[in-house]
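K.L.:
My questions will all concern the structure given below.
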Number of protein chains: 2
Amino acid sequence: MRVTFLGTGAAGGVPLYGCECAACARGRQDPRHVRRPCCALVEHDGARVLLDAGLTDLHERFAPGFLTAIVLTHFHPDHVHGLFHLRWGKADAIPVYGPPDTDGCADLFKHPGMLSFRTARKFEAFELGALRLTPLPLVHSKPTLGYAIEGPAGERFAYLTDTLGLPPRTAGFLRSWGEFEMAIDCSYPPHPAPNNHNDWHAAQRCALEAGARRTWLTHVGHALDDWMIQHAPVVPSHIALAADGIFTDVEPCLR
Amino acid sequence: MRVTFLGTGAAGGVPLYGCECAACARGRQDPRHVRRPCCALVEHDGARVLLDAGLTDLHERFAPGFLTAIVLTHFHPDHVHGLFHLRWGKADAIPVYGPPDTDGCADLFKHPGMLSFRTARKFEAFELGALRLTPLPLVHSKPTLGYAIEGPAGERFAYLTDTLGLPPRTAGFLRSWGEFEMAIDCSYPPHPAPNNHNDWHAAQRCALEAGARRTWLTHVGHALDDWMIQHAPVVPSHIALAADGIFTDVEPCLR
């Protein structure tokens, strides 16, 4: 099971418009350090699932029929942006799973076009090809679900953004899930009162509470990148900073 | 006064995702025929006003401080898309004028960031640098205003999208305005019952009712482009089809 991080930025991305911090300056000079809106692709044996849809050029990246489904964590604009263009296409309907949220985003539900919206419900697993997805509640300013994604040979990856901390039932599910990798939002450097998103410390607490073999930090804001440049903090070996375009091949695990 | 058509596409644009009509095929082969979301730039003597904000890469096109203001016709996603990224920037506030619409689009009003929203009201003119803008009511599925834009030497350009026909007071204003050029949406080929947007015939009726010296068709859908390819209709000399990237220099006029 391959997970590719297509976009790893917080809202505003890196470089942030008009910002001259070291991280934003680096992003303008070196495209490897650009962070676009949140989006990841999970591929396994013909199933291709897009997690979140923040990239605005989805219609140019993916030919009709390529995606098995789109699975949304929530309906904030930076996670659904790419749907607005895609919806008017002429192609077979794309199933789009998301949390219960009567508002959605702007007029997506009123004019879904070729998007076929479906409601995911916490702890009610569903299958997309050979992949089994279990929605997990998160803690955010809009109804938000993470997803525990499992392949047939025990490949396990949890996509957990956007959140501040993990609800006890979500952490409990993950602790009894067997070995897995996970991605979680880490938008800020250490902050006395993080809001809506994990800061550096909260993300690491989530990683420990969930017990992931490896935790990828995503939804990264420019201030975190800048802090990493300035402070070069020690990063525990089970923590990795995601970047746009990199992937991880999640190994099967019998446990 | 220079008006540059940055984006001239209807929602969905050209090429439309998954469509294989002649216009969409041409757009995939030749970038001159691509139509991106609605957006135009009016420049006059240091004033730079962006009309609509549908392009998603505004933050990459315009350096901080370049734009005097953004003026919106309405809050449908394909006209405001570019604001979502721009708003989180670190730069001086950008004034954003739009019609009275308590909903706006998604959470733009809740989280305006560096955008300073202001309400434009029909027939209440306002000034941006040397430009005078008069909001004109249009006929659309959301509160929508066109803008009659006038430079100090009588350069006059009316930006009238999205609409189906012109309200009598709007047509009356334009008929007594002196010589001007205008842009209006023409999203469909001839249609028995056009909805929300002008078809080919309605756009030409608007041009005649308003009495424009020259009328640019914009907000063009792939079906209109395809119809133009298939039928090569006779186009009256006062009508011109806009295209992404072209501009018109609006001449001063003493009348």
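K.L.:
Among the listed residues B:Ala106, B:Ala91, identify the single one that is of a type in the set (A, V, I, L, M), closer than 20 Å to A:Gly9 by Cβ and touching a helix residue (DSSP H, G or I) at 6+ places or on another chain (Cβ under 6 Å).
P.N.:
Of B:Ala106, B:Ala91, the one residue that is of a type in the set (A, V, I, L, M), closer than 20 Å to A:Gly9 by Cβ and touching a helix residue (DSSP H, G or I) at 6+ places or on another chain (Cβ under 6 Å) is B:Ala106.
K.L.:
So in the stretch A:92-105, with the set limited to residues that are on the phi < 0 side of the Ramachandran plot and assigned to a loop (DSSP other than H, G, I, E, B), which one is farthest from the other protein chains (Cβ to nearest Cβ)?
P.N.:
A:Pro100
K.L.:
Looking only at strands (runs of 3 or more DSSP E) that fall completely inside the stretch A:106-146, which ones have 1 or more residues that are modelled with pLDDT of 95 or more and within 15 Å of the chain's Cα centre (by Cα)?
P.N.:
Hits in the stretch A:106-146: A:131-137.
K.L.:
Now for a different question. Could you give every pair whose Cβ atoms fall below 8 Å, whose first residue belongs to the stretch B:188-211 and is within 17 Å of B:Trp227 (Cα to Cα) and in contact (Cβ under 8 Å) with a residue 60 or more places away in the chain, and whose second residue is of a type in the set (S, T, N, Q) and surrounded by 19 or more Cβ atoms within 10 Å (Cβ to Cβ), counting only separations of at least 6 or pairs across chains?
P.N.:
B:His197/B:Thr163; B:His197/B:Ser187
K.L.:
Report yes if some residue within the stretch B:51-68 is in contact (Cβ under 8 Å) with a residue 60 or more places away in the chain and within 19 Å of B:Thr248 (Cα to Cα); otherwise report no.
P.N.:
Yes, because at least one residue in the stretch B:51-68 is in contact (Cβ under 8 Å) with a residue 60 or more places away in the chain and within 19 Å of B:Thr248 (Cα to Cα).
K.L.:
So, in the stretch A:195-251, how many residues would count as being crowded, with 19+ Cβ neighbours inside 10 Å and either in contact with a Cys (Cβ under 8 Å, 6 or more places away or on another chain) or outside any strand (DSSP E or B) (or both)?
P.N.:
Residues that pass the stated criteria total 26.
K.L.:
Moving on. What residue, among those in the stretch A:175-185 that are in contact (Cβ under 8 Å) with a residue 40 or more places away in the chain and either touching a Phe, Trp or Tyr at 6+ places or on another chain (Cβ under 9 Å) or part of a strand (DSSP E or B) (or both), is nearest to A:Leu224 (Cα to Cα)?
P.N.:
A:Asp185
K.L.:
B:Gly18 passes all but one of (1) within 21 Å of A:Phe84 (Cβ to Cβ); (2) crowded, with 19+ Cβ neighbours inside 10 Å; which number fails?
P.N.:
Of the numbered conditions (1) within 21 Å of A:Phe84 (Cβ to Cβ); (2) crowded, with 19+ Cβ neighbours inside 10 Å, the odd one out for B:Gly18 is (2).
K.L.:
For the stretch A:76-91, name all the residues that are crowded, with 24+ Cβ neighbours inside 10 Å, outside any helix (DSSP H, G or I) and more than 7 Å from chain B (Cβ to nearest Cβ).
P.N.:
Within the stretch A:76-91, A:His76, A:Gly82 qualify.
The values are calculated or read from the model by the stated rules, or taken from the named source; none is laboratory data. What you see is a predicted model, and the numbers here were worked out from it, not measured in a lab. Ideal geometry is used to build each Cβ from the backbone, glycine not excepted, and the neighbour counts take in all protein chains shown.
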